[in-house]
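The values are calculated or read from the model by the stated rules, or taken from the named source; none is laboratory data. Fair warning: this is a prediction, and the values are worked out from it, not measured in the lab. All Cβ positions, glycine included, derive from the backbone under ideal geometry; neighbour counts span all protein chains shown. Note: accessible area is taken over every heavy atom of the protein model, side chains too, but ligands, DNA and RNA are not part of it. Shrake-Rupley method; radii C 1.70, N 1.55, O 1.52, S 1.80 Å.
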Amino acid sequence: IQYGDCETAGTRYYRNSLKKLDDCVADLNQEQVQFTINLGDLVDRSFADLDPIISRLNKLNGKVYNTTGNHDYHGVTDNNVLYKKLGMPAEYYSFKKNGWLFIILNTNEVSSYTNVKGTEKEQELNAMLDHIKASGRKNAQPWNGGISKKQMEWLKKELNKAEKKDENVLIFSHHPLYPEFGLSALNDKQITDLIGEYTCVRAMFAGHHHSGKFGYFKQIPSTTVEGMIETENQNSYGIIEIYKNKIVLNGKGRMKSREFMYY
């Protein structure tokens, strides 16, 4: 969404996101979606801009599950205040629906913009950046973040439980985990190496990269969805339908539609 009460810059029409979100909410209610997942960057540069976004999201008939994006931390000195504002039960979390486990990662946890200075997470951040530079990769950017060792252990436990219970899993994050490119999470490879050990993960979805991207990590489809903020009038959101042997993403506006089979 990345709304901002500010002038247009290039292809980013900040104020236009309000009208787009109004149209999106009306359509999602018309389609009777069970719940909505937001992939972060609700606003562009101001904590105060969250209010008009949240007031619109509150008009959705189903529950909204939020995660944060890098832009959402502008002006935030206490991360917990932001999470509470967005109705997040924790920094990262999961929930279950009809035998499916939905994992909401927080790929902003270890980053230069999330108040990690003087904490163990700052040391983890420096180690990630050093590792990226040593390997010649391009994602050591100030707008990218990663997940901590603690969150990695939590993810491992969630996947272990899902595998034992024969549950299907969808993973959501702000920063893309795959394919590898300059906007992916700082420790994307470590995260996907872990995820790739499990057969229960059916798909991964992310935001952050406004033009979108797609690839398969092993047998797991990884979709980076297109951003609502881009273009003057064209919207971008999607509705996911889950079937016994496939997942269908019905893209609206400039969001691409996709279909993934699984067995």
Q: Grab the strands (runs of 3 or more DSSP E) fully contained in segment 205-263, keeping just those with 1 or more residues being hydrophobic (A, V, I, L, M, F, W, C) and under 19 Å from G40 (Cα atoms).
A: 213-217, 236-242, 246-253
**Q.** Enumeration of residues in segment 173-207 that are surrounded by fewer than 24 Cβ atoms within 10 Å (Cβ to Cβ) and closer than 14 Å to G69 by Cα
**A.** L183, F205
Q. Does segment 81-96 contain at least one residue that is closer than 19 Å to F172 by Cα, open to solvent by 50 Å² or more (accessible area, probe 1.4 Å) and touching a residue at least 60 places away in the same chain (Cβ under 8 Å)?
A. yes
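The rows are residues; the columns are (1) without any contact (Cβ under 8 Å) to a residue 60 or more places away in the chain; (2) within 17 Å of the chain's Cα centre (by Cα).
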| residue | (1), (2) |
| --- | --- |
| N29 | yes, no |
| I37 | no, yes |
| G40 | no, yes |
| D44 | no, yes |
| D51 | yes, no |
| G62 | yes, no |
| G69 | no, yes |
| D72 | yes, yes |
Q) Is it true that V225 is within 28 Å of Q190 (Cα to Cα), open to solvent by less than 30 Å² (accessible area, probe 1.4 Å), among the aliphatic types (A, V, I, L, M) and in contact (Cβ under 8 Å) with a residue 60 or more places away in the chain? A) yes
**Q.** The lone exception for D193 - which of (1) under 30 Å from G99 (Cα atoms); (2) in contact with a strand residue (DSSP E or B) (Cβ under 8 Å, 6 or more places away or on another chain) it fails
**A.** (2)
Q: Go through the residues of segment 241-250 one by one and say whether even a single one is open to solvent by 60 Å² or more (accessible area, probe 1.4 Å), touching a residue at least 12 places away in the same chain (Cβ under 8 Å) and aliphatic (A, V, I, L, M).
A: yes
Q) In this structure, is L39 in contact with a Lys or Arg (Cβ under 8 Å, 6 or more places away or on another chain) and open to solvent by less than 60 Å² (accessible area, probe 1.4 Å)? A) no
